[in-house]
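Worksheet: the structure to be examined is printed underneath.
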Amino acid sequence: MPKIIDTHSPNYPMIEGIPYTEYNADEVFIQQMDKHFPGLFKFEVVSRRGNNTRTDVLLKGNFVPSYLSSHSFYVYVFILYEGGKGRAHDDELRTQLTAGSSWAPSLTDSKIATAFRDNTSEKDAIECYCIGIYKQDASSDNVAFVGMPCEVLCKSENEKINPTSTFQTYGELLQKAYINGVFLHKKNFTASSTYNLLNFLPQYFLWYMKHRDQIHVQDIDKALDVLKTIHSFEELKFKGNEPLQLIFYGAPGTGKSFAIDNQTNDSNTVRTTFHPDSDYASFVGAYKPTMADMPINAFVGTTVHHANFGEEKGNAKAYEKKIVYKFVPQAFLKAYVAAWGDLENPHFLVIEEINRGNCAQIFGDLFQLLDRNSQGASSFAIHADEDIARFLEKDKKGFVKLSDEQKDAIRSFVLTKDNGKTEEIGEAILNGEKLLLPPNLYIWATMNTSDQSLFPIDSAFKRRWNWRYVPIKFFENDSDISLSKRAFEIKETLYSWASFLKIMNPIISELTESADKQMGFFFAKPDKRSDEKGIPNPDLKANDVISEDIFVNKVLFYLWSDVLKDYNIGHKEFQNPDKKGKQYEFTDFFISEKNYLSQFITALGVAKIGNEPSKPEENAASGTEGSETNVE
């Protein structure tokens, strides 16, 4: 009986069955690309082979962000089916393209087929991938890919369009890819032709695109060396259709920085934080005292000579450390140079707490550059001052460090203005004469709404940005138990953090008549683990408990010092039982013999973890009977 992989089990056992084949390969492939790389690719069908419910397809693909690549690539996607009769393995999976199989439209005139078949020089310029797809059944979204060498697939001695080669892999080998992410194995296609096949999960498709040629070489040891790079490879997390200038705003602790970090990589990101003392010089760059090796000079008669250390040290020139003034680039120029030097990839300038600084003062004349055209570049260039121009043109940290190819890419840049006029501005950018934001430079920022009164952002500055509100989430159904079961500790008892926020945030909103001062889920960071408290959590991978010390000195201190200090709270849960008609003072929570802290949390009706929930007479948030459920 044939065997297949059970992809519904996390252990991926081999079970009896036949691979599912009643689907269109292009639909499954594109679905996986949209799942793992949303907004990155667009595909169109060039030709297909088969009926309406079971088809192999040739796709033409492009990157949506054109700066990643302006060239098209092609992907053959095939359905892997049960092996043929007399096979040596009962778990064989194959795709076989035989004479007489038809593609519509015909591939006769397509270089994608004939260039490989006839081994012409044109094939070296064609970017083509051949992907087999394994799918267990109709309901399974957990598919796997098999990467195949185009040299074999698209070449045949006796067929004008279609090859006769059979691609074979085996369930037990594909099973290893499900467990480890990838698995490489050698395959003989003819007596003289050996290539490697790569079984891999769809999330590694970008890595496969980058390393395909090294993977399918005949030397499997070299290919295995390439395979070692997969765990250090930084997948392109960025969604290519995002705004160039974007501010993530919301209450403190909602995960604004986390949202940015999810779409950027450290290798292409420059981060800075605004504060009340931030200015143009600290954001862009300025002359600063720094240590440098300076020559030691000596007088010989009336002539000044660069001194040396004598014959014992090979007459080496003498230098000493001295304080000199040098132009030091800051976050903006670092990101600016990096983006212009790598126009094919996105680069990010991330500004944390943008409203804690005076944006008009910090950006200065750079404000003009924030107007972007349809290319994504600044609509208008500005003239750089002499210090910046000199740095860009002559400093080793400026454009001097770029290769000739990178410099040529800048020289060839043509600015298309909003009125349709064009300007060959590349040379002026390269010599530092003019400043212009490149189309691959993204400026993203975070803003706490609770701090918006520090430096109000004027309307002219606001309209040059897209804004994205980050709401408060509670993660109660998250697969990560360090989120779904997050707790805080009071007197050896664990309480649900989500339950506390659900009760406290409406009170904050009611008192302040605003959501700005509410607390997000990430307001306080856990510093302990629940399994240390005797609650077994075999899948726990991170801290999930906020200690009493952090809860009191961060959470309650914030409430009493920033939120509640100007309000007389009418809720009885906030009233000290030993002070008639008076609410708790923050210092009350440090009187250990009174146990006010536990009394306060119990009165609020916060759910306990692992025990029965508190049952106050009234729910603090709504004024109705408490309905909090226990968190098991």
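Between A460 and K421, take the C-beta separation as r, use R0 = 35 Å, and let me know the FRET efficiency to the nearest 0.05. Walk me through the numbers on the way to the answer.
On the way: r = 24 Å, r/R0 = 0.70.
Computed FRET efficiency for A460 and K421: 0.90.
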What accessible area, in Å² to the nearest ten, does a 1.4 Å probe give for V182? 20 Å²
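What number comes out for the charge environment of D293, summing +1 per Lys or Arg and -1 per Asp or Glu over other residues with Cβ under 15 Å away? Working shown, then result.
Details: positive: K317, K321, K322, K326, K396; negative: E320.
Spelling it out: positives minus negatives among the neighbours equals +4.
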Accessible-area order for D371, D385, largest to smallest, probe 1.4 angstrom, reads D385, D371
Just to be sure I understand the model, the point goes 7 Å from the Cα along the line to the Cβ. What's the resulting N553 to A286 distance in nm? 3.5 nm
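Structure shown: which of K326/K396; K502/K525; K326/K394; K473/K517; K60/K228 lie over 21 Å apart, alpha-carbon to alpha-carbon? Please report the intermediate quantities before stating the final value.
Values: K326/K396 12 Å; K502/K525 17 Å; K326/K394 12 Å; K473/K517 15 Å; K60/K228 30 Å.
Over 21 Å apart, Cα to Cα: K60/K228.
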Most positive-pole-ward Cα, Q375, G426, G398, against dipole of segment 331-468 from beta carbon charges: Q375
So the FRET efficiency between I18 and S484, C-beta based with R0 = 41 Å and rounded to 0.05, is 0.60
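The values are calculated or read from the model by the stated rules, or taken from the named source; none is laboratory data. As the structure is a computational prediction, the values presented were derived from the model and not from experiment. Note: ideal-geometry Cβ built from the backbone for every residue, glycine included; neighbour counts use all protein chains shown. All accessible areas refer to the heavy atoms of the entire protein, side chains included, with ligands and DNA or RNA removed. Shrake-Rupley method; radii C 1.70, N 1.55, O 1.52, S 1.80 Å.
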